Amino acid sequence: MSQEGRGTFSGRIPTDLSQIPGFTVEEYDAERERMTLNMGPQHPSTHGVLRVIVEFDGERVVQAQPDVGYLHRNWEKIAEGWSYPKLIPFADRNDYLAPITNEFVLCLAIERLLGVEVPERAEYIRVILAEINRIASHLLWFGTFALDLGAVSPFLYTFREREMAYDIFEACAGARLLPGYFRIGGLRNDVPANFAEMVTGFCDQVEKNGWPSYYDLLFENAIFERRTRGIGRLSAEEAIAWGASGPVLRGSGVNWDLRRNEPYSVYDRFDFEVCVEPDGDCYARAKVRLREIRESIRIIRQALEQLPDGPVMGKVPKVIKVPKGDIYTRVESPRGEVGVYLVADGGTNPYRVKWRAPSFVHLQLLPELTRGGLVGDIVANIGSIDIVLGEVDR
């Protein structure tokens, strides 16, 4: 089987084990009967509408192939028929747990082609909201990952702080889940007068009360360690070869973060640590995300201290026509590198918008992570890569 064919279901499960990379027929009794089962598309273990076709030999996974497309919305083709400003709130729907990141990367691409200068106040507010969104996304992942493994309480704890984050989005944009707050050239409006107070209160709550309880509930839990340590190992070489990014890449020991290595906006003005764990297993990927919550708080506090006065919108023409050209822009989302390749033909609509979704890339790792593992480890592996199916299918 080719490497291209290993990431998605081709419609046929190989009957010859020699076709599966990393396995030899001698490892199995040729007379033993193997079983093929569906997980999904509505299985409670899946993060969204995902179908996984799993072949077992006893309790061991021979292969697990994801079958995607159940949330396909034709986003990229629809984007060709809409004007540039209309694309910003539309982008929220891809990764609906990190909509700020989607708006960020699309605005950056258009602004760079236009040559628009974004006011400094808007840049700082963008970074603050992006990091709050990162924390909110990691909190939801943490709670649902715990649920996947049988722990109920962490989910309730994380939603306590997550609601505070969405209160901030609502105060700024009037919407919670899909804010549509960024604009080409800046922001829709300035933040409310109590913005700094709300953000500081949120950071204090997460740092002093939330984070210690998250760590104690799971990372000091022997059952959680048994379910995640040594499970779904991914080496640094494999992570790079498959195009992994974000916590999945850093959980394999690769020290790479776009906010530091290729800083955009005003990220180069902040001091923070890139969280890296060397083991490459489910536990390492989980620990990277938990540590990143504290680093996001560091960035937010620094941005609040440096937040300048001034306008939040730059000089942008009323009718936006992007000159001919193309650009690839990428930012660090909670799930990894989200990028947009934008081709402009001089009109009011883009000629082509190609979306680079880290969830889609990481889902291709599922056969590699699960092969040879136990049935119960499939759920842990799916949760550890933190996929959003709206971003996978688009």
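The values are calculated or read from the model by the stated rules, or taken from the named source; none is laboratory data. What you see is a predicted model, and the numbers here were worked out from it, not measured in a lab. Glycine gets a Cβ as well: all are built from the backbone with ideal geometry, and neighbour counts include every protein chain shown.
Couple of notes before you dig in:
Rundown of residues vs (1) among the aliphatic types (A, V, I, L, M); (2) assigned to a helix (DSSP H, G or I); (3) surrounded by fewer than 17 Cβ atoms within 10 Å (Cβ to Cβ), yes/no style:
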site	(1), (2), (3)
W211	no, yes, no
D216	no, yes, yes
R233	no, no, yes
L249	yes, yes, no
S252	no, no, no
R260	no, yes, yes
F272	no, no, no
E292	no, yes, no
E295	no, yes, no
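- Identity of the residue in segment 66-90, at pLDDT 90 or above and among the aliphatic types (A, V, I, L, M), that ends up nearest to R51 (Cα to Cα): I78
- The set of residues from segment 274-286 being among the small types (G, A, S) and either over 20 Å from E368 (Cβ atoms) or assigned to a loop (DSSP other than H, G, I, E, B) (or both) comprises just one member, G280.
- Residues being surrounded by fewer than 21 Cβ atoms within 10 Å (Cβ to Cβ) and either under 16 Å from N94 (Cβ atoms) or within 13 Å of the chain's Cα centre (by Cα) (or both) - total across segment 315-351: 3
- Segment 86-118, residues that are under 20 Å from P263 (Cβ atoms) and either of a type in the set (S, T, Y) or free of Cβ contacts under 8 Å to residues at least 60 places away in the same chain (or both): T101, G115
- The residue list A222, A236, A244 contains one member that is within 27 Å of V338 (Cα to Cα) and either touching a His at 6+ places or on another chain (Cβ under 8 Å) or modelled with pLDDT under 90 (or both), which is A244.
- Those residues of segment 241-291 which are touching a strand residue (DSSP E or B) at 6+ places or on another chain (Cβ under 8 Å) and more than 21 Å from F104 (Cα to Cα), in sequence order: V248, L249
- The lone criterion from (1) basic (K, R); (2) under 14 Å from P350 (Cβ atoms); (3) surrounded by 16 or more Cβ atoms within 10 Å (Cβ to Cβ) left unmet by K77 is number (3).
- Some residue of segment 180-190 being of a type in the set (V, I, T), part of a loop (DSSP other than H, G, I, E, B), over 20 Å from the mean Cα position of the chain (by Cα) and more than 28 Å from V338 (Cα to Cα): no
- E26, sole failed condition from (1) acidic (D, E); (2) within 30 Å of W141 (Cβ to Cβ); (3) at pLDDT below 60: (2)
- Subset of segment 48-59 [of a type outside the set (A, V, I, L, M, F, W, C) and surrounded by 17 or more Cβ atoms within 10 Å (Cβ to Cβ)]: G48, R51, E55, D57
- Being in contact (Cβ under 8 Å) with a residue 24 or more places away in the chain, surrounded by fewer than 21 Cβ atoms within 10 Å (Cβ to Cβ) and within 20 Å of T348 (Cβ to Cβ) is not true of G69.
- Residue-level analysis places V361 outside the set of residues that are at pLDDT below 90 and not hydroxyl-bearing (S, T, Y).
- Conditions (1) of a type in the set (A, V, I, L, M, F, W, C); (2) over 16 Å from E292 (Cα atoms); (3) without any contact (Cβ under 8 Å) to a residue 24 or more places away in the chain: number failed by V191: (3)
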